[in-house]
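A.B. asks: Have a look at this one.
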Amino acid sequence: MLTLYANFKGGTGKSTVVFNMAVWRLEQGHDVTVCDLDPQRTVTDVAAIRAEDGIEPALKVVHKLPTRAKAKGEWLIDVGLSDMDALKAAIKISDRIVIPVTPSQADIWATQQFLDIIAKARPKGKLPPVLAFINRADPHPRSRENAETMEVLDMLEGIKPLDAKMVQRLAFRRSFSEGLAVFELEPNGKAAAELDALAAAIHNE
């Protein structure tokens, strides 16, 4: 299974999600590889921190898309916008696409553009499942921005919005800088619970 995490806008927190999701899946006993195609190599850096500190499980990171025949186990692909060729190549081979959307009008526009790119990159009638969730959500439970973003996602064709969301929390930044997933840093914290819910929604568990 190859899962692409991407959007047509920077700053959506996709690398943080990919890292946390990869470690979460490793803890569940899955064979996981992260394909880091983002020029910033953020997941590569955080995997290096884990290796230097001897944190287990180790995170395997590569920088080249596999062929489908060699894509054994589970792959999480992180790709930046600066390399459109890499983005389109990742879209073509992915079994599933997950779009993190921050609650803003700019992100909604970017998501609409990204859906067009996905449609053009794949043969007609062969689109993979496309999931979207609110990332870096406003922590206020009655946030107008969160609700409005969800309403628009519900109206977009070709996309399945997930109820699970990840809130803008200090724990995500702290854990990332220490090479830890949020459930490793704060096992009983709100961020860990949000990651659990999102992972279950994406992987139908």
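Coordinate-derived values only; no laboratory data. Since this is a predicted model, take the numbers as computed values, not measurements. Heads up, the Cβs are rebuilt from the backbone with ideal geometry, glycines too, and the neighbour counts pull from every protein chain shown.
A.B. asks: For GLY29, indicate whether it is surrounded by fewer than 15 Cβ atoms within 10 Å (Cβ to Cβ), under 13 Å from the mean Cα position of the chain (by Cα) and not β-branched (Val, Ile, Thr).
C.D. replies: Criteria not met by GLY29.
A.B. asks: If ALA137 satisfies every condition in (1) of a type outside the set (Lys, Arg); (2) surrounded by fewer than 20 Cβ atoms within 10 Å (Cβ to Cβ); (3) touching a helix residue (DSSP H, G or I) at 6+ places or on another chain (Cβ under 6 Å) but one, which is the exception?
C.D. replies: So the condition that ALA137 fails would be (2).
A.B. asks: If we scan segment 103-118, do we find a residue that is closer than 30 Å to LYS190 by Cα, in contact with an Asp or Glu (Cβ under 7 Å, 6 or more places away or on another chain) and crowded, with 20+ Cβ neighbours inside 10 Å?
C.D. replies: Yes, the conditions are met somewhere in segment 103-118.
A.B. asks: Of everything in segment 74-86, what is buried (at least 22 other Cβ atoms within 10 Å of the Cβ) and either in contact with a Gly (Cβ under 8 Å, 6 or more places away or on another chain) or of a type in the set (A, V, I, L, M, F, W, C) (or both)? Give them in sequence order.
C.D. replies: Answer for segment 74-86, where residues must be buried (at least 22 other Cβ atoms within 10 Å of the Cβ) and either in contact with a Gly (Cβ under 8 Å, 6 or more places away or on another chain) or of a type in the set (A, V, I, L, M, F, W, C) (or both): TRP75, LEU76, ILE77, VAL79.
A.B. asks: In segment 122-152, which residues are free of Cβ contacts under 8 Å to residues at least 60 places away in the same chain, outside any loop (DSSP other than H, G, I, E, B) and more than 24 Å from LYS92 (Cβ to Cβ)?
C.D. replies: Selection gives ILE134, ALA137, ARG144, GLU145, ASN146, ALA147, GLU148, THR149, MET150, GLU151, VAL152.
A.B. asks: Return the total of residues in segment 42-73 being loosely packed, with under 10 Cβ neighbours inside 10 Å, in a helix (DSSP H, G or I) and either touching a strand residue (DSSP E or B) at 6+ places or on another chain (Cβ under 7 Å) or not charged (D, E, K, R) (or both).
C.D. replies: Number of matching residues: 1.
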